[in-house]
Amino acid sequence: MPKRVAMRVMALLALATAIFSARYLVFARPLFVLPILLDTFASDEGRAVLGVAPYLFDHRRVLLLTHISCGIVALILGPLQFIGTKRQRAHRVLGRVYVSAVAIGSISGLPLSLRILDAIPPALRTSFYAVVAGFATLSIAWPIVTAIAFAKIRQRRFDEHRAWMIRSYALTFGAVSVRFLAMPYLLLTRDPLLSITLAICGWPLNLIVAEWLIRRTAFRTVVAKAAAF
């Protein structure tokens, strides 16, 4: 797939996820899609999965809406960082907004991930530790990678900055990949908890893809320079 087409597909998926997630900000009682999708896979763990989003919306609304708002901003602004432009000032402003959204989104996301267990019956909580760990580690890795990208541009190390921004957006894109992987996992496993766990804990795959893209580009650059020499 040509790079330009891949970028457009990624941007469209991110935009679609952002628009769909905005329902939490618009409606007094948003549509909780997961209960509709998983209703036919009822089990104790499955019913517990269904209750997480409504519980967080009712009892941790400020954290949830803060996290969602910042995630929407980061999803939309991320692809704009990779578009070449002569308007460097606009690029810097958008970059700072993106970094701020990641910082606030992660600050709200980490405690939110720990609050997941509040929605789970005590007898089932051990089954959800992997889900919590997946969310929590992503909330830690996301700002660290983004901070490194910001440090690189402050040092005017442009190639390294771009590489770390790719890694940062790969983590931001986890909001998209989780949603698009959960249903295929569910159809394969017929297990709501396992499918959600696999989707959430699969965020390192985004980094692996990002690393492959970074190294492929770097290799092509070296080859091109060698050929020109």
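Readers should treat all values here as calculations from the given coordinates under stated rules, not as data from a laboratory. Every value quoted in this text rests on a predicted model; they were computed, and no experiment measured them. Heads up, the Cβs are rebuilt from the backbone with ideal geometry, glycines too, and the neighbour counts pull from every protein chain shown.
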Inset, instruction - For region 10-19, take each phi angle, set θ = phi - 60°, evaluate the Karplus expression 6.51 cos²θ - 1.76 cosθ + 1.60, and give the result in whole Hz per residue in order, putting x for glycine and proline. - result: 4, 5, 5, 5, 5, 5, 4, 5, 4, 5
Legend entry - Estimated distance in nm for a label pair at T189 and F158, the labels positioned 7 Å out from Cα along Cα-to-Cβ: 4.4
Inset, instruction - As a check on your grasp of the helix formula, calculate [θ] at 222 nm for the chain: sum -39500 (n - 2.57) over DSSP H runs of n ≥ 4, divide by the residue count, round to the nearest 500. - result: -26500 deg cm²/dmol
Legend entry - Per-pair calculated FRET efficiency, R0 = 45 Å: A123 and R216 via Cβ, rounded to 0.05: 0.40
Inset, instruction - State, to one decimal in nm², a quarter of the convex hull surface area for the C-alpha atoms of the chain, i.e. the direction-averaged projected area. - result: 14.1
Legend entry - For M165, M7, order by how many other beta-carbon atoms lie within 10 Å, fewest first: M7, M165
Inset, instruction - Report the calculated FRET efficiency for R92 and L205 (r = Cβ-Cβ distance, R0 = 22 Å), to the nearest 0.05. - result: 0.10
Legend entry - Linear extension gain, I144 paired with R115, 0.36 nm per residue minus alpha-carbon span: 8.2 nm
Inset, instruction - Could you list L114, L65 in order of exposure, starting from the residue whose Cβ has the fewest other Cβ atoms within 10 Å? - result: L114, L65
Inset, instruction - Assign unit charges at the C-beta atoms only (+1 for Lys and Arg, -1 for Asp and Glu), then state the dipole size of the chain relative to its Cα centre in Debye, rounded to the nearest 20. - result: 1440
Inset, instruction - Would you mind ranking S100, S177 so that the residue whose beta carbon has the fewest other beta carbons within 10 Å leads the list? - result: S100, S177
